[in-house]
1. Of the residues that make up segment 322-341, is at least one at pLDDT below 90 and over 28 Å from Ala156 (Cβ atoms)?
2. Name the pairs: first residue in segment 286-313 and more than 18 Å from Phe329 (Cα to Cα), second residue modelled with pLDDT under 85 and among the hydroxyl-bearing types (Ser, Thr, Tyr), Cβ to Cβ under 6 Å, at least 6 apart or on different chains?
3. Here is a check on your reading of the model: is Phe84 touching a Ser or Thr at 6+ places or on another chain (Cβ under 8 Å), over 29 Å from Tyr170 (Cα atoms) and aromatic (Phe, Trp, Tyr)?
4. Any residue at all in segment 75-93 that's within 23 Å of Met377 (Cα to Cα), out of contact with any Leu (no Cβ under 6 Å at 6 or more places or on another chain) and of a type in the set (Lys, Arg)?
5. For the structure I just gave you, tell me whether Phe114 is crowded, with 19+ Cβ neighbours inside 10 Å and at pLDDT 95 or above.
6. Quick one: would you say Ile158 is of a type in the set (Val, Ile, Thr), closer than 24 Å to Leu16 by Cα and either in contact with a Leu (Cβ under 7 Å, 6 or more places away or on another chain) or free of Cβ contacts under 8 Å to residues at least 12 places away in the same chain (or both)?
7. Those residues that are within 13 Å of Ala157 (Cα to Cα) and among the hydrophobic types (A, V, I, L, M, F, W, C), I need them from segment 344-370; list them, please.
8. Quick one: count up the residues across segment 353-398 that are in contact with a Ser or Thr (Cβ under 7 Å, 6 or more places away or on another chain), within 20 Å of Phe38 (Cα to Cα) and not aromatic (Phe, Trp, Tyr).
Amino acid sequence: MKKIKILYPYLILFFLIFMGPVKVGPITFSQVWKIPLFVFLFWQVLIKRNDKKLGFIKWSYARATKNIVTANFSISYFYGIVDFIRYMMFPLMFEYAYRHIKNIRKLDKLLLGFAQFVIISGIPFTFGLLESKAKDVLSFKDFDSYSGMFQNSHGAAITTTTAVLILLAYIKSKSTLIRFPKLNYALLAYGIYLIYLTYIRTGYLMFVIGLIFLFLPKKLTLKQVLSGLGILILVGVGFYILLESNEAFYNRIFDIRNGKQTAAGSGRLLFWMASVELWYNGNIFEMIFGHGFFDLIMHMYQETGLPVYAHNEFFTQLGQNGLLGIIFFIGYLISLFKFILKRKTLPSYRLAMAIFFLYGSLMMTQGGMWFELDIFMVLVFVKLEFENVLRKRMFRNA
C-alpha cells in the first residue's frame, strides 16, 4: 500500500504531461490543468501570504507581469495572458515549495524522484508500448526523434537532460537516497540514450554544459587537466563515430532535412534578424513595451514562413516585450546568478550552478518557459536556500 501511495502522484503526473498536447477547444489539455494550478498557487502565495521575496523572485514576477502590457495587447490579449500565466509558474512554485516542504530530506526525495520519473517515463515509448502525442513544429521525414510523454522533442530533450544531470549529481555525491546504485547507473545510461534519441542539439549542448559545471573542480591540478582532456578525447571520438555511422544523427547535427541543407542553426539567424527588424521599425511605445505575441509571430511568418518565436529569449523578449522585457529578463538572470554565487560554500552550489548555465544555454538557443524544467529549477534553488538557512542557524547557535 505504501508503494502504491508513492507511485500514485507520478502516475497522475504522467497522465497530465502525456495528455498535454491534446486539443480541448481552442486550448490544449496542458493549459486546462495548469490554469487551476495557477489560481491555487496565486491564492496561496500572493493573496493568502505575501511574504518578503528574494531578489530573483521579484524580477521573475516583473518579467511575467510585463506580458500583459504591450503595444498591441488588445489584439493578442489571449496570448499575453497565457504567457503571463506561464512565466508566473516559476516564482509561484518556488514560494509555495519553500513554505510547504518541511525539510531538505523530503525535498531531496522529491527532486531525485522526479528526475528518475522523467527518465523511466521513456520506457513505454522506446519499447513501443505507447505512442507519443507530441506535435513538433518541424517534421523530419528521414528519422523519428524521441518525444515521450512531452509535447515535443525539444521538451523531451530539455527535461530529460536536466533529469540525467540531477541523477548524476546524486550518484556523484554518494547520496544515501541512492539505494540501488547499479540500477541507478543503468537508469543514468538509459537517460543519456534518450537524450541522444531526441536528436535535439539544444539538449546536447545543455548536457555538455551541465557536465562541465557539475564536475568543474575548485582548483585545477595537472592530473585533473589530463583526466579532463582524456574525457574530451573520448567524447570527441564517440561523437565522430556517431557522425560517420548514423546518417540521421549526421543530418540533424548539420541541419540537413529531407536531403537538403537548411539555414544555419535551423534558421535561427533569420529569426533573430526578423525580431530585431520588427523592434527597430516600431514607434517609441512599441520599442519600449514591445509589439506583443501576435505581431511578433505574424512578422516571423512573413519573413521566414514559420509562425514561431525567435528561438532566443533575448530576441523574443525584444520583439514581444520591448526594452522593458529585455531589462526584466537580464535583471532576473543577474539576480539569480548572484543568489547562487553567494551560496558557493553550500553542498548544492555546484548543481545549482550547472542548472543555471544549462538554463542560460537554453535561453540562448531556444528560449521560452518549460514547465517541467521549472519544477527542477524550483526544487534545486529551494534546496540551496534551505542549506543557506540551516548554515545561518548553525552560526547563530555556535
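The values are calculated or read from the model by the stated rules, or taken from the named source; none is laboratory data. As the structure is a prediction and not an experimental result, all values here were calculated from the model. Cβ coordinates were reconstructed from backbone atoms using ideal geometry, including for glycine residues, and neighbour counts include every protein chain displayed.
1. Going through segment 322-341, the residues at pLDDT below 90 turn out to be none.
Looking through segment 322-341, none of the residues is at pLDDT below 90 and over 28 Å from Ala156 (Cβ atoms).
2. Note: pairs meeting the criteria are Phe294/Ser76.
3. yes
4. Checking segment 75-93: at least one residue is within 23 Å of Met377 (Cα to Cα), out of contact with any Leu (no Cβ under 6 Å at 6 or more places or on another chain) and of a type in the set (Lys, Arg).
5. On the way: crowded, with 19+ Cβ neighbours inside 10 Å: yes; at pLDDT 95 or above: yes.
Criteria met by Phe114.
6. Answer is yes for this residue.
7. Within segment 344-370, Leu358, Leu362, Trp370 qualify.
8. 2
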